[in-house]
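What follows is one structure encoded as structure tokens, with my remarks underneath.
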Amino acid sequence: MTIEYFLSCPHGIYQFEPVCRALLRLGVKTHFVIPSFISTIETCKNILKEKKLPFKTKMDPNVDIAITLSSHSFLHNYNNLKIKFKYGVNVSKSAYNMNKVGACGFDGILVHGRYEKNLIEKLQVIPSERIRIMGYPKHDRFFREKETVEKIKKKLQIDTNNNKKIITYFPTWGEKSSIDRFYKSIVGLKKEFYVVTKPHHNSFYLPEKLARWKKLELMSDLLLGTHTPFAHAAAIADIIVADSRSGSLSEATLINPKAPLVGLHAADESPKSYYYPRVFDMCTLVANPENLQNIVRKIIKNDRHSEERKLFSQDIFSHIGQNCAEIAANQIIQLSRVKKLSYRQQPLWLRNCKQTVKNIIKFLAPTLFKRIWQRSSEA
């Protein structure tokens, strides 16, 4: 059996690395594929060479299993089984990984826990028995090594005698990021707290505005790079502040469930209509930047979400431990025995066009209705 992991960005290497190694230990031929159309080819090559992981630059359409963390369209040239490898759990209703476009077209999906499995089952795009729970393999090493917070702080060169409590800030990238909206508020927090920032991986590999990078530097006492594991950034936190439209909000609860959690809502839509209900029980959502500093001060004294957050974390990440890579590898091997599903789908471009039209209608409908009502009233 041969397995290809089709990369769409360098981040996929870190996600699949422990599973790739687990499959290789089991004697399964497994390698990464770097497609020619991505903008980070050399970065991917350098990381894979450094980690001594097998890779190719040309895909083989006849491999037994093709895996990706992106949409099924990335695997459209493969002839056999296609598996979706999930990373991060987004709690917003509009999350790409939680809708039909993100879940459809695969013969199997690997998810982190019961929460994701239940949501994807409701989409009715793939049989329930093909949605397999794996935990979060990327963090196996963290749970295996059990490094103390003091040791991690020394690695990151954080003064352990500093009396300031540590805020770890996880912003997402692009237009969904809280960086611009919450810039002044987070800079203000530096007077009372030591702010450590772990930017989204795409902020390093894809073009970001120079002004935004300057803001990140000014917002942070310590700005972490790609080589610092997410787990280390979360583990040292006394309080975690994360973009609520990012998977880091839930991922942080796996690493440090005791730390009070604040979600930054940088969208224009109302939070109640934007997120699944349980998110309001696991963290405090902040939509108004002017309220952030007071909320942080209050929540660090009285964290009323702590118990629900622990329960939610166990639901999101069903396997918590150091052997998730082995679990994922075995799930992939089991899925190799299933038959390929038959999807009768419209072309991706057509489905995207239809969705765009629906969004335009949804946006314009209230205005059009209001005008029609006004004209009918005048008549």
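The values are calculated or read from the model by the stated rules, or taken from the named source; none is laboratory data. What you see is a predicted model, and the numbers here were worked out from it, not measured in a lab. Because the Cβ atoms are built from the backbone with ideal geometry, glycine has one as well, and the counts that use them run over all protein chains shown.
List of remarks:
- Test: residue 251 is assigned by TED's automatic domain parsing to the domain that holds residue 304, crowded, with 21+ Cβ neighbours inside 10 Å and not β-branched (Val, Ile, Thr): yes
- Which numbered condition residue 296 misses (of (1) surrounded by fewer than 20 Cβ atoms within 10 Å (Cβ to Cβ); (2) part of a helix (DSSP H, G or I)): (1)
- Lone unmet requirement of (1) basic (Lys, Arg); (2) at pLDDT 90 or above; (3) surrounded by fewer than 21 Cβ atoms within 10 Å (Cβ to Cβ); (4) not assigned by TED's automatic domain parsing to the domain that holds residue 338 for residue 114: (4)
- Failed item in (1) part of a helix (DSSP H, G or I); (2) farther than 18 Å from residue 70 by Cα, with residue 101 passing the rest: (2)
- Restricting 195, 241 to residues that are closer than 22 Å to residue 298 by Cα, of a type in the set (A, V, I, L, M), in contact with an Asp or Glu (Cβ under 7 Å, 6 or more places away or on another chain) and in the same structural domain as residue 285 (by TED's automatic domain parsing) narrows the list to 195.
- For residue 128, the criteria (1) of a type in the set (S, T, N, Q); (2) more than 27 Å from residue 314 (Cα to Cα); (3) without any contact (Cβ under 8 Å) to a residue 60 or more places away in the chain hold in every case but one, which is (2).
- For first residues located in segment 310-330 and under 15 Å from residue 279 (Cβ atoms), partners that are of a type in the set (D, E, K, R) and not in a helix (DSSP H, G or I) and lie 6+ apart or on another chain with Cβ distances below 7 Å form the pairs 312/278.
- Tally, over segment 16-43, of residues that are assigned to a helix (DSSP H, G or I) and either over 19 Å from residue 230 (Cβ atoms) or modelled with pLDDT of 95 or more (or both): 12
- With respect to (1) without any contact (Cβ under 8 Å) to a residue 60 or more places away in the chain; (2) over 22 Å from residue 99 (Cα atoms); (3) surrounded by 16 or more Cβ atoms within 10 Å (Cβ to Cβ), the lone exception for residue 230 is condition (1).
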